[in-house]
1. Confirm whether B:Val150 is more than 14 Å from every other protein chain (Cβ to nearest Cβ), assigned to a strand (DSSP E or B) and within 17 Å of B:Arg110 (Cβ to Cβ).
2. For C:Val205, are the conditions met, namely being in contact (Cβ under 8 Å) with a residue 24 or more places away in the chain, open to solvent by 10 Å² or more (accessible area, probe 1.4 Å), facing chain D (nearest Cβ under 9 Å) and out of contact with any Ser or Thr (no Cβ under 6 Å at 6 or more places or on another chain)?
3. Checking the structure you have, find out if any residue of the stretch C:212-230 is within 10 Å of another protein chain (Cβ to nearest Cβ), among the small types (Gly, Ala, Ser) and more than 16 Å from C:Asn149 (Cα to Cα).
4. Would you pick out the residues in the stretch C:227-247 that are open to solvent by 10 Å² or more (accessible area, probe 1.4 Å) and touching a helix residue (DSSP H, G or I) at 6+ places or on another chain (Cβ under 7 Å)?
5. Would you pick out the residues in the stretch D:156-175 that are touching a helix residue (DSSP H, G or I) at 6+ places or on another chain (Cβ under 8 Å) and either of a type in the set (S, T, N, Q) or within 7 Å of chain C (Cβ to nearest Cβ) (or both)?
6. Of the residues that sit in the stretch C:152-195 and are without any contact (Cβ under 8 Å) to a residue 24 or more places away in the chain and among the aliphatic types (A, V, I, L, M), which one is least open to solvent (accessible area, probe 1.4 Å)?
7. Within the stretch A:86-101, how many residues turn out to be of a type in the set (A, V, I, L, M, F, W, C) and open to solvent by 10 Å² or more (accessible area, probe 1.4 Å)?
8. Go through the stretch B:50-78 and give me each residue that's part of a strand (DSSP E or B), touching a Lys or Arg at 6+ places or on another chain (Cβ under 8 Å) and buried (at least 19 other Cβ atoms within 10 Å of the Cβ).
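The values are calculated or read from the model by the stated rules, or taken from the named source; none is laboratory data. As the structure is a computational prediction, the values presented were derived from the model and not from experiment. Cβ: placed from backbone, ideal geometry, glycine included. Neighbour counts: every protein chain shown. Side chains are part of the model used for accessible areas, which takes the heavy atoms of the whole protein and leaves out ligands, DNA and RNA. Shrake-Rupley method; radii C 1.70, N 1.55, O 1.52, S 1.80 Å.
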Protein chains: 4
Amino acid sequence: MKPEVELADVQNSVDERGIELDRVGVTDLFYPLTIREKAGGTQVATCRLNIFVGLHAAQRGAHLSHLVEALDNYRSRVFSMDSLVHLLRDVRARQDEHGLAFETAELQIRFMYFLPKLAPASGLSGLVGYDCGFDVALNRPGHKSVIVNVPIAAVCPCSLEISDVGAHNQRGVVTIQVWQMLDDTQFIWFEDLIEVAEGAASGDVHSLLRRADEKVVTEKMFREPRFVEDVVRGVVSGLRSRLKGVRYRVESKHFESIHPHNSYAQTQGEC
Amino acid sequence: MKPEVELADVQNSVDERGIELDRVGVTDLFYPLTIREKAGGTQVATCRLNIFVGLHAAQRGAHLSHLVEALDNYRSRVFSMDSLVHLLRDVRARQDEHGLAFETAELQIRFMYFLPKLAPASGLSGLVGYDCGFDVALNRPGHKSVIVNVPIAAVCPCSLEISDVGAHNQRGVVTIQVWQMLDDTQFIWFEDLIEVAEGAASGDVHSLLRRADEKVVTEKMFREPRFVEDVVRGVVSGLRSRLKGVRYRVESKHFESIHPHNSYAQTQGEC
Amino acid sequence: MKPEVELADVQNSVDERGIELDRVGVTDLFYPLTIREKAGGTQVATCRLNIFVGLHAAQRGAHLSHLVEALDNYRSRVFSMDSLVHLLRDVRARQDEHGLAFETAELQIRFMYFLPKLAPASGLSGLVGYDCGFDVALNRPGHKSVIVNVPIAAVCPCSLEISDVGAHNQRGVVTIQVWQMLDDTQFIWFEDLIEVAEGAASGDVHSLLRRADEKVVTEKMFREPRFVEDVVRGVVSGLRSRLKGVRYRVESKHFESIHPHNSYAQTQGEC
Amino acid sequence: MKPEVELADVQNSVDERGIELDRVGVTDLFYPLTIREKAGGTQVATCRLNIFVGLHAAQRGAHLSHLVEALDNYRSRVFSMDSLVHLLRDVRARQDEHGLAFETAELQIRFMYFLPKLAPASGLSGLVGYDCGFDVALNRPGHKSVIVNVPIAAVCPCSLEISDVGAHNQRGVVTIQVWQMLDDTQFIWFEDLIEVAEGAASGDVHSLLRRADEKVVTEKMFREPRFVEDVVRGVVSGLRSRLKGVRYRVESKHFESIHPHNSYAQTQGEC
């Protein structure tokens, strides 16, 4: 078998069209990673990853195997945002090492993150899974960000007001993404963002509820009816009271029980 | 360019392992087809199709291009179940014509089918899309079947009974599949199955509702609370009162507003 | 039944948190619309739509039924980009009519668009479905944009160069989005963007190929090996030679036959 | 708050329509479970679960919270097929305990399972994720089954034979499900089924390949061209040489690089 060194390095040839590429890399790579919990423990998550580098105009192709190799080297670490920033610096260094002048490296990770939740009357505990993630970009100025997708319950205030009985309600999903500067040392936990989202809804969801719990949960929902617009504004208020110097994007999508489509609201800003 | 006849026909070689294949074909083929409506009109649907033939043990491969060619020949027809049976006979004949003894041909079609719906108070009209389809199998004994997926609203009877105010409710999807013998001349319309599904739920969904409509819809839902089990049994009762000599499979899945998971019920039988 | 006018208009109440919302509306609404073809005909498409308005800080909620009603009014029109801009002006006018000062309206439409394609040797014709769409935003400065997702084939140049025989190849999807100013009268057809994408790949895909066609298609692919980076740069070159005064975003994702993950490249710019 | 015992048990009321339900339960419940590996270790998997019980004709509803509670009790166990059978017996016992005569309990679990794979020339190691699962049904006669979805590479034998250069190839997914009687003590590992699937394809997929590896992998693929039919028959042969007294279902779906649709083959049998 020919040694690697004698095989043509086609990626390393020159492209003359003068077109820089913002992102070159791999998507939908699944890898198990260990994530740090606010409560002090860790959990092993099945992660779906996208890893990219920028490609300057003269270079034909990136060496994608080095992206995966960098990730594999971090497999046994416990991850939090800072380890991701380190991993990404490593990704960029490996491309530079091959004589390439990459200016950007970027990482997007998504996984199901589990938290125990107590039923309000029975006190029974069950896990709820939240679709969470991190996005990190090393460029100028660069950013690191935390993402949560939080299932919630929402009772329609209009339906409640105008109907002689009841009101339509539905499951929704609140999405919060919060961006920090790379050198911001403020630590933002999934747990805190999830709390903000659940606090802004008519109610939160539970995997395990007895009848006595269901009564409490239902009555609470009807005391706190929320439009999709109310939920988003409530999340923004919650973020403003807890965080400083971050950019946020908040959206909520409700799977309306009386419509075949969803209702939706979204906003972004800084606090 | 070499004529087709001189190119090796690799599919037509012999496989000696003695393994018959139940289904060989193409999946996730998108094609626009024209579907006949109960109201007398037609609609052009974006269809996703799977087309299969059976492959006897000695034949290495099927000629998949003939499956697509058969379909393309039917492109300008108006479709109902019987045209699909004809198309499928054509699919099988084309394989036999190539000296292959196929015993089975099978077709699965799915598409969004639209029906106008009037809002109950304002009388405003909006379309609701239903994910519908047909499955046909030519073998022994063979069958033809109609499938509807119907979004519905369901109010939880337990939550309604035990709570001082309100009740959790949610969107659900009822799936009905009804199989007939190939020579059964009874015509089963999507419209009729959709009516059965909507009649068994707490309420149906609308794309367009004013406040006066929303009041009517909400109050109706709360007068007719339904567990997922109730919905499935109601559909079965509805089918039994309308159809004779068919097999059915009924399921309902509800996106519970107070849980991160769905509730589900399913049954099958004959009527 | 109470007339609409006597029912409380809860959406129309005041929110005092001072939070403007960028987008409020409906998502995943399915509707059939008729789309204009470059060849002069039309096709009925099953569309998935998101329709949004901006919501100023003092207004509690938008009147979402008016978004759907505006769409329903346009149901029988033949659509091209300009009809969408008109529809969207109508959406905004309906919110203003209710005393609301909306500054933004936005529309996202996606649908499968079909084009006939001839097999290169046999001349047989089959349809290929392309996932296409339009995004329009009325705000400052506003934009209208055309989107195509084009399945393509790509042979790996590195694998071809270093292997004694063959080369891995795979299906990929090229995505092109091209934004214009609202008053730009240049008409951009799906057909033209699809041609650019297919021209930049190793080969295009066909729904119907005989063996003689398969030979032509395979040999053509191997004469034009392309990395994911090459495909994106080729598309950018193609756009630059055809369009003026537009912004573009181009990406390609290849479902690598030798990896469980995909390779990816993306860039954006103006021409 | 009223004690549970005083709240109406609406599920426990009588339904008089005489309709038995095959499956009632929860779907799309996410829970982390620890899975036993063939190599002796364990891995924590993010599982998506469906849990069902049968419902006799006279009972209005099942007590779904008990399904989730049973699962939560098993959270810290190391799972293999036998623990699932135990869990399911527990699920059924909890329903009986509430005075209900359930005859069936059923469990479907899916998760990403990771295995290390060595690159053939460089010896570098990377993980490949396989979408795996278990189905267990306690009824008459009952069964337990193992499922793997294995990404593979396939070179088209026809394209290879008729083309002067190259051949189209693509990623595919082989699905194997193997059913055993509940008291069959033969242990079937994911690892063994994955090996059978990869052995029947033109090649297996790797997350990490250097150029020297890519050369080996490409040349191996072209020495072993396989139609989708060949892959399925190869898997069946592989299963027959390894297992006794089981039922199997094998399918393969290939994302053809020259078509917008997939090719597909499927069969079932016993060995």
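1. Criteria not met by B:Val150.
2. Judged against the criteria, C:Val205 is not a match.
3. yes
4. Scanning the stretch C:227-247 gives C:Phe227, C:Gly234, C:Gly238, C:Arg242.
5. Those that are touching a helix residue (DSSP H, G or I) at 6+ places or on another chain (Cβ under 8 Å) and either of a type in the set (S, T, N, Q) or within 7 Å of chain C (Cβ to nearest Cβ) (or both): D:Cys158, D:Ser159, D:Ile162, D:Ser163, D:Asp164, D:Val165, D:Gly166, D:Ala167, D:His168, D:Asn169.
6. Applying the filter and picking the extreme gives C:Ile162.
7. Final tally of qualifying residues: 2.
8. B:Phe52, B:Val53, B:Gly54, listed by residue number.
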